[in-house]
1. Is it fair to say residue 210 is among the polar types (S, T, N, Q), over 19 Å from residue 480 (Cα atoms) and free of Cβ contacts under 8 Å to residues at least 60 places away in the same chain?
2. Could you say which residue among 352, 364, 373 is touching a helix residue (DSSP H, G or I) at 6+ places or on another chain (Cβ under 9 Å) and small (Gly, Ala, Ser)?
3. Could you list all residues from region 53-83 that are more than 16 Å from residue 134 (Cα to Cα) and aromatic (Phe, Trp, Tyr)?
4. Could you check how many residues of region 36-52 are surrounded by 18 or more Cβ atoms within 10 Å (Cβ to Cβ) and of a type in the set (D, E, K, R)?
5. Taking region 320-333 only, how many residues are more than 10 Å from residue 365 (Cβ to Cβ) and either touching a Ser or Thr at 6+ places or on another chain (Cβ under 6 Å) or in a loop (DSSP other than H, G, I, E, B) (or both)?
6. Which condition from (1) in contact (Cβ under 8 Å) with a residue 24 or more places away in the chain; (2) more than 23 Å from residue 181 (Cα to Cα); (3) not in a loop (DSSP other than H, G, I, E, B) is the one that residue 227 breaks?
7. Name every residue in region 59-91 that is surrounded by fewer than 18 Cβ atoms within 10 Å (Cβ to Cβ), in contact with a helix residue (DSSP H, G or I) (Cβ under 8 Å, 6 or more places away or on another chain) and within 24 Å of residue 25 (Cβ to Cβ), in order of residue number.
8. Go through region 370-383 and count every residue that is surrounded by 14 or more Cβ atoms within 10 Å (Cβ to Cβ), part of a strand (DSSP E or B) and not polar (S, T, N, Q).
Amino acid sequence: DALPGQITAEKTRDLLHSAASANMNMIRIWGGGRYEPDSFYDACDELGLLVWQDFMFACNLYPSDPAYLANVRAEVADNVARMHHHACLALWCGDNELVGALTWYDVSRDDRDRYLVNYDRLNRCIEDALRDTDPHANWWPSSPSTGPLSFGDAWHDDSSGDMHFWSVWHEGRDFDHYRDVSPRFCSEFGFQSYPSMDVIRQFADPADFNIAAPVMEAHQKNAGGNARIAETMFRYFRFPVDFENFVYVSQVQQALAIKTAVTQWRGLKPHCMGTLIWQLNDTWPVCSWASLDYGGGWKVLHHLSRDFYAPVTVVVMPDGDDLVLRGVNDHRSDVSIEVTANACAMDGTARALGQGKGQIGAEAVELLRVPLADLGHQDMLSFGWTASDGSTGSDVYAPQPYKAYDLRPAGLTCKTTRDGDAHVLHITAQNMAFFVTAHACVPGRFDRNAIHLAPGHTATLRFTPQDADASPYFTLRDLHSATYII
């Protein structure tokens, strides 16, 4: 929280539990934040979340005089001694983007050698203090970095080390630009969306439900961010019919961007062995890159993360005139996967395209190759898989932007039953329905959301309210209802 007095161990644990529930297995504590209290690391130990721990130096120029370095040494030694026994601590990182900061300010650009020497002194001081306190700790000099004694542009170097890849958001590149790089480990990348409507209602009246309203612009702190969200939406979707649907589509868009990156890079395994989404949570109600709303609610991105970060999955990777389905396995033992692919029309008609299978170990394996020519102009690729570890999954891949498809009214129906404290939603559709998202009128959590649904199938969603005695009612959205005026 932006107000430290509002932070509690219970709220923090809920955020971490959400990360683990979405199949995330590492949290990076950013160097522009703070060293967390013991309860944070206790929770990560218990939840099986690795911690990438930055030291608290970020995005700036720091002194390197003896008095300041003595203060740094004391800070490092104190925190390492306090935290080093935690099993969750995967590595200590010297700083966030201090090498890049050498090019951000006139004073350092005009005298780079001097400021580079200053930085090197600071970085060596941090490492020495870490080694003196915990000789066996895993050390990484900076983020991003291609490795020790490297002071180059790690934002655009995917050859080694960790990479921060921001060309899609900050430069306005298409989502497919994520496919143009092959990072070894991407420790920062992100795309913004609006907070959910229940969060927006905390700071905006209905009269301000407009993306150009001053109150909405005040809750956007990245210059041009709202315009970037809207401009990108024109590329991929038909424009939403009203403000609430704009908020929904912004979250679908964010999820699509990050899913494109994660599935592409997981499909490169073992060349790429890790991705850390910027960012997990918000510290105030704001348009941002977070997958969790202020207060901990799950955005569409967080629901989709549960699927695209599943330990065993199948991803689609375009390759020239083909779509390649690759199996990914993060378990320590091999699994076998069988996949079935279909061409899916907008009325839900399916046409078989083929089957594939393979044994998946530490490396991603090609299971099936589908020529794009086998898909009609209005077809998407739908596929499902089963794995020997008992896991199953399915997904839909759109070779064109969603706006190119003539979506049909979904014709959604929803029946609700009770199972203990949970409310179970049984949802059906008359035509293909994309990113079907349920919303409850009371606080609580869905086990899954933002699903694709074909006619003839029933999707089951479970909602557990915070108050077991609550009587929620539910509303449904899908991509057609959000972008077509009926």
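The values are calculated or read from the model by the stated rules, or taken from the named source; none is laboratory data. For clarity, every value in this text was computed on a predicted model and none was experimentally measured. Methodologically, a virtual Cβ is constructed for each residue, glycine included, from the backbone with ideal geometry; neighbour enumeration extends over all protein chains shown.
1. Judged against the criteria, residue 210 is a match.
2. Within the list 352, 364, 373, the selection yields 364.
3. Selection gives 57, 62, 68.
4. 1
5. Number satisfying all stated conditions: 6.
6. Status for residue 227: all satisfied but (1).
7. Across region 59-91, the qualifying residues are 82, 84, 86, 87.
8. Total meeting the criteria: 4.
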